[in-house]
1. With the requirement that a residue be at pLDDT below 90 and surrounded by 11 or more Cβ atoms within 10 Å (Cβ to Cβ), what does the stretch 196-218 give you?
2. Do you know which residues across the stretch 15-38 are assigned to a helix (DSSP H, G or I), surrounded by 15 or more Cβ atoms within 10 Å (Cβ to Cβ), of a type outside the set (Gly, Ala, Ser) and over 15 Å from the mean Cα position of the chain (by Cα)?
3. Within the stretch 132-151, identify whether any single residue is out of contact with any Cys (no Cβ under 8 Å at 6 or more places or on another chain), closer than 25 Å to Phe17 by Cα, outside the structural domain of Ile20 (by TED's automatic domain parsing) and surrounded by fewer than 15 Cβ atoms within 10 Å (Cβ to Cβ), and answer yes or no.
4. Out of the residues in the stretch 172-195 that are under 18 Å from Ala106 (Cα atoms) and hydrophobic (A, V, I, L, M, F, W, C), which is surrounded by the fewest Cβ atoms within 10 Å (Cβ to Cβ)?
5. Considering only the stretch 162-218, state which residues are in a helix (DSSP H, G or I) and either among the aromatic types (Phe, Trp, Tyr) or touching a strand residue (DSSP E or B) at 6+ places or on another chain (Cβ under 9 Å) (or both).
6. With the requirement that a residue be in contact (Cβ under 8 Å) with a residue 60 or more places away in the chain, part of a loop (DSSP other than H, G, I, E, B) and not β-branched (Val, Ile, Thr), what does the stretch 113-142 give you?
Amino acid sequence: MGIRQPIVIVLLLIAFFSAISGKPLDGLLMLLVAAGLGWDAARAGSREAAAAPPGSGGSLPQPGLSATVSAEPPQPQPALAGPPPRRSWRTAAAGLAWVAAGIVYAVVVGSFARFSWPATMAVVGLATLVVVIGWQGPVRARPDPGPLPKPGAALWGGVLLAGGLWELGSLAQQTGLDVTSFAHPTISALTDPVLASHPGRSVALAVWLLIGWYLVRR
């Protein structure tokens, strides 16, 4: 079941093409994440199948859907009286501290040369820490959003497919899999001018942190 998850298939393809294009570390990281997600999905599916009631045919529930449906409709929660609580100064101070830490991280790590060990370890170390924290489950209670909307999923799937075809086509037209061609540039080659300078790398790292924070909050 785990290998059939779309994200696992995508990560395995990224791992393969990263490895053959001269980026073995990127390929290894993608392979590890794909294996972890596949194992986690297979384990969750096995637990849900074992807990399914007799006569259900042993079918596994769809991702994002509950294994059982309650016969009673959810009861509305009583509204809280009074105005909503104000954001305390401690929460604001913690937010400013996180923003300051992110700026310092982007500036310091952006000063390292591209593909150097300090830059690689700083990015891999932070990403690993976030993955370990997120793997344990949501960091805060929130309602289950349910399955993804089909129009949005189809739109983002089309963007991902177009980007993958662009990368694969450009990679196939290069003189070598690990040789950058400006006549047929890959997406990573198009970002080289931006990442060639310290300010460009710092801005890219800041955007990466913002996207990561958004995903963690989701």
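The values are calculated or read from the model by the stated rules, or taken from the named source; none is laboratory data. None of the values given here were measured: they were computed from a predicted structure. Neighbour counts run over all protein chains shown; Cβ positions are idealised from the backbone, glycine included.
1. Gly212, Trp213, Val216
2. To start, the set of residues in the stretch 15-38 that are assigned to a helix (DSSP H, G or I) comprises 15-20, 24-38.
Still in the running and surrounded by 15 or more Cβ atoms within 10 Å (Cβ to Cβ): 15, 17-19, 26-27, 29-31, 33-38.
Right, trim to of a type outside the set (Gly, Ala, Ser) and you get 17, 26, 29-31, 33, 37.
Correct list: Phe17 only.
3. Scanning the stretch 132-151, I find no residue that is out of contact with any Cys (no Cβ under 8 Å at 6 or more places or on another chain), closer than 25 Å to Phe17 by Cα, outside the structural domain of Ile20 (by TED's automatic domain parsing) and surrounded by fewer than 15 Cβ atoms within 10 Å (Cβ to Cβ), so the answer is no.
4. Val194
5. Trp166, Trp208, Trp213, Tyr214
6. Listed by number, the list holds a single entry, Arg114.
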